[in-house]
Amino acid sequence: MLVVGGANLDIVARTSAPLTTGTSNPGHTHVSAGGVGRNIAANLGRLGVPTRLVAAIGDNEFGVRVRAETASAGVDLTYAVPGFGTSSYTALLDDRGELVAAVADMAGTESLRPADVPEAIVAESGFVLLDGNLPTGVVTSVLAAAHRHAVPAVLDPVSAPKARRLRPVLGSARIHTITPTADELQALTGEADPQSAADILHRTGVERVWLREGRSGSTMFTMRGVTHLPAVPADVVDVTGAGDAMTAGYVHALLSGRAEPEAIRRGAVTAYLTITSDHTVRPDLSAELVDRTLREECP
């Protein structure tokens, strides 16, 4: 498995009471390694998938911590790119654990170039996953390499502004799955209606559009039909990293030979395990934990 994307230090602050804007709020702060690509890679590593990560990880204090936490999840960092400042993500959550606002400083990731992702490592991967933090030139280059070698590609748009940046990429190569929220889906297509937006993406060569709907669950749009999966009921601790875990659980299941409906379900359960912990990547995540949760809590 190859992941190409953002790696940064996450600084997440959560209020202990309903948020009051324009003033200081009591709460607590948690610092950990993050970044959409890095989080997905770390989740895959903990699920037992041999995973390489191509990301900009600098040699400063942020970078040392990001590298150590990522390696401890079993991720191969041989192709991590040093020399750039490590990116950062600062998020503010309310007392319910819902995201209020965030600032992403992704200068390091935006310094990556197509040459940083050798075609040989794309060719030998079971899947390749890219995130929208990447420069469009990198996304286009890796998708083209994946297409040449018949490697399925998954694309996470990351945010609405970054999804808008990806528009020129669409149609350049086939995409196995794209994983937008409603805002990101509209930014990708200019269309507010999810089915109409999915139809647009299908015409560009996107095979599956997996719409993330938060507490409402998720909906998979394919050219064969539409499947909705309700969210697993949960007492939310922290939503940070839920989408990343969902993608990792899905890809892990596909790599394990499971059918698509089961892969979607396992993705949802992996997200559930993440939002019920106070970690962006749950330290005790494993394939066995997902299996046990499916049997005992989500039958």
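The values are calculated or read from the model by the stated rules, or taken from the named source; none is laboratory data. Everything quoted here is computed from the prediction, not taken from an experiment. Cβ placement follows ideal geometry from the backbone for every residue including glycine, while neighbour counts extend to all protein chains displayed.
At-a-glance table
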{"quantity": "Filtered residues of the range 18-43 (kept if farther than 21 Å from M106 by Cβ and in contact with a strand residue (DSSP E or B) (Cβ under 8 Å, 6 or more places away or on another chain))", "calculated": "L19, N25, P26, G27, H28"}
{"quantity": "Total residues in the range 25-40, condition of a type in the set (G, A, S) and part of a loop (DSSP other than H, G, I, E, B)", "calculated": "1"}
{"quantity": "Single residue of L53, L2 found to be surrounded by 15 or more Cβ atoms within 10 Å (Cβ to Cβ), touching a residue at least 60 places away in the same chain (Cβ under 8 Å) and not polar (S, T, N, Q)", "calculated": "L2"}
{"quantity": "Any hit, the range 276-283, residues being touching a His at 6+ places or on another chain (Cβ under 7 Å), closer than 24 Å to N8 by Cβ and modelled with pLDDT under 95", "calculated": "yes"}
{"quantity": "Of all residues making up the range 56-72, the number that are surrounded by fewer than 24 Cβ atoms within 10 Å (Cβ to Cβ) and in contact with a Phe, Trp or Tyr (Cβ under 7 Å, 6 or more places away or on another chain)", "calculated": "1"}
{"quantity": "Condition check for L155: out of contact with any His (no Cβ under 9 Å at 6 or more places or on another chain) and not small (G, A, S)", "calculated": "no"}
{"quantity": "Residue ranges of helices (runs of 4 or more DSSP H) in the range 73-181 with at least 2 members buried (at least 22 other Cβ atoms within 10 Å of the Cβ), at negative phi and aliphatic (A, V, I, L, M)", "calculated": "136-148"}
{"quantity": "Positions within the range 174-189 being closer than 26 Å to L255 by Cα, aliphatic (A, V, I, L, M) and in contact with a Pro (Cβ under 8 Å, 6 or more places away or on another chain), in sequence order", "calculated": "I178, L185"}
{"quantity": "The listed residue being under 17 Å from A248 (Cβ atoms), modelled with pLDDT under 95 and not aromatic (F, W, Y), out of G85, G34, G63, G58", "calculated": "G34"}
{"quantity": "Number of the exception - H176 against (1) farther than 26 Å from Y89 by Cα; (2) in contact with an Asp or Glu (Cβ under 7 Å, 6 or more places away or on another chain); (3) modelled with pLDDT under 95", "calculated": "(3)"}
{"quantity": "Among the residues listed as D235, D193, the single one being farther than 30 Å from N8 by Cβ and either in contact (Cβ under 8 Å) with a residue 24 or more places away in the chain or among the charged types (D, E, K, R) (or both)", "calculated": "D193"}
{"quantity": "Hits in the range 20-46 - residues which are buried (at least 18 other Cβ atoms within 10 Å of the Cβ) and of a type in the set (A, V, I, L, M, F, W, C)", "calculated": "A33, V36, I40, A41, A42, L44"}
{"quantity": "Selection within the range 1-24 - at pLDDT below 95, touching a Phe, Trp or Tyr at 6+ places or on another chain (Cβ under 9 Å) and not in a loop (DSSP other than H, G, I, E, B)", "calculated": "N8, L9, D10, I11, V12"}
